Amino acid sequence: MQMNEPLSNYNLPDGEGHYGPYGGVFVAETLMHALEDLRKNYHTLRQDKAFMEEFSSELKNYVGRPSPIYYAKRLSEEIGGAQIWLKREDLNHTGAHKINNTMGQALLARHMGKTRIIAETGAGQHGVASATVAARYGMDCVVYMGSEDIKRQATNVYRMKLLGAKVVPVESGSRTLKDALNEAMRDWVTNVSDTFYIIGTVAGPHPYPMMVRDFNSVVGEEIKKQMPEQIGRHPDAIVACVGGGSNAMGVFYPYIENQDVELIGVEAGGSGIETGKHAATLCAGRPGVLHGNRTYLIQDSNGQIVETHSISAGLDYPGVGPEHSWLKDNGRAEYVSVTDQEALDAFHKLTRVEGIIPALETAHAIAHAIKIAPSHQKNKVILVNLSGRGDKDMDTVAKVSGIKL
């Protein structure tokens, strides 16, 4: 497939986990057997009617799906231009889209006879979702989290502990999501016989990018039914924040072949890309290998990973899912960046105008929707995937605002 060729009959990844030149498996030999076992089990179960029915049942009765579509009428009128609609993933059990994926992986782990779950987390939502499904199925759970993220996500750390998980602080490197993922990988190598690693995003070695995408694509599939029911057609654009990229792939994937719908991923611009203090991997990075897959990375001229920055812990990652890298190169999706300040402004705007407090990650997507809406007519529809709620970010926002809680 050549760059900018229409993506018809999209069926990536290939059998070896490649999305064009991205993806694949770059791991220690000790993990190759575990990944092959995982791939075979997932390949079988994704076609197993009983397994998929159980997954759907859990999403409905435990998670609370489908999540609603909401027209942000007051926000749209205040901003002017296009209508802004929200897919309310913040209303899921645990407060974010992460539970969709962790539920699927936990069911897979149980089928494979694993008794212990490990996970990495940045903003804490994936850690909470992993601890939740572990409690649901009576599994041990260990969550690795950078000590810097532990400080800024204290509420979620307590939630994980309440759910019975052990939270392990990671002190290496930048003490954020990248380093937590490194430690989780090391744990998995050591305890692969009884341990299932629930990766929280569409990155990592094959089959994780595909598996996480598939489990979270329930979001996009719901939108494909809901939008025609509510407005008689599909949205003109879908906007989602991108760190590792699971929430964005969950809404993008079902729409990849629909060329009439623009797909826009919003990365963390931090203090501004020109400052070097950001996490805008697709906007400012280049291809390399990290955490078991080839993808775009933020790296220096010697190929060393550069420390990232974002006010949102969930976007503070120097890589991105390989499928996003391919969609960027192909031109099917556009990737932009939003600064910390723009995200904070959008956070406050949505909160005060619509009574909805978004996660700081989601606020990046809201900010871009606010930015582009005025340039469109009122009959145009921009759908934002509101990937999580902002309860977890109260301390961060209060601190930036000079308020002591």
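So for the range 188-340, taking the charge dipole from beta-carbon charges (+1 Lys/Arg, -1 Asp/Glu), which of 210, 279, 228 sits furthest toward the positive end? Farthest along the dipole direction, towards plus: 210. In straight-distance terms, cross-link reach from residue 380 covers every one of the aspartates and glutamates whose alpha-carbon lies under 14 Å from its own, apart from those fewer than eight places away in the same chain; here that gives 77, 236, 260, 262. In the neighborhood of residue 140, defined by Cβ-to-Cβ distances under 11 Å, what is the net charge if each Lys or Arg adds +1 and each Asp or Glu adds -1? Here the count lands on +2.
Within straight-line reach of residue 49, meaning a Cα separation under 28 Å, sit the following lysines at least 8 residues removed in sequence or on another chain: 40, 60, 87, 98, 114, 224, 225. As an equivalent ellipsoid, the chain spans semi-axes of 29, 24, 22 angstrom, where each value is the square root of five times an eigenvalue of the C-alpha gyration tensor, largest first. Net charge in the neighbourhood of residue 41 (other residues with Cβ under 12 Å of its Cβ; Lys, Arg +1, Asp, Glu -1) is +2.
Using a 1.4 Å probe over the heavy atoms of the protein chains, calculate the carbon and sulfur portion of the accessible area of the chain as a whole percent. Solvent-exposed carbon and sulfur of the chain make up 49 percent of the total.
Spin-label pair residue 74-residue 154: with each label point 7 Å from Cα along the Cα-Cβ axis, the two points sit 3.1 nm from one another. Most tightly packed first, judged by the mean number of other beta-carbon atoms within 10 Å of their residues, the peptides 120-131, 42-53 read 120-131, 42-53.
The values are calculated or read from the model by the stated rules, or taken from the named source; none is laboratory data. Source: prediction; values computed, not measured. Virtual Cβ from ideal backbone geometry, glycine too; neighbours counted across all protein chains shown. The accessibility values were calculated without ligands, DNA or RNA, using every heavy atom of the protein model including side chains. Shrake-Rupley method; radii C 1.70, N 1.55, O 1.52, S 1.80 Å.
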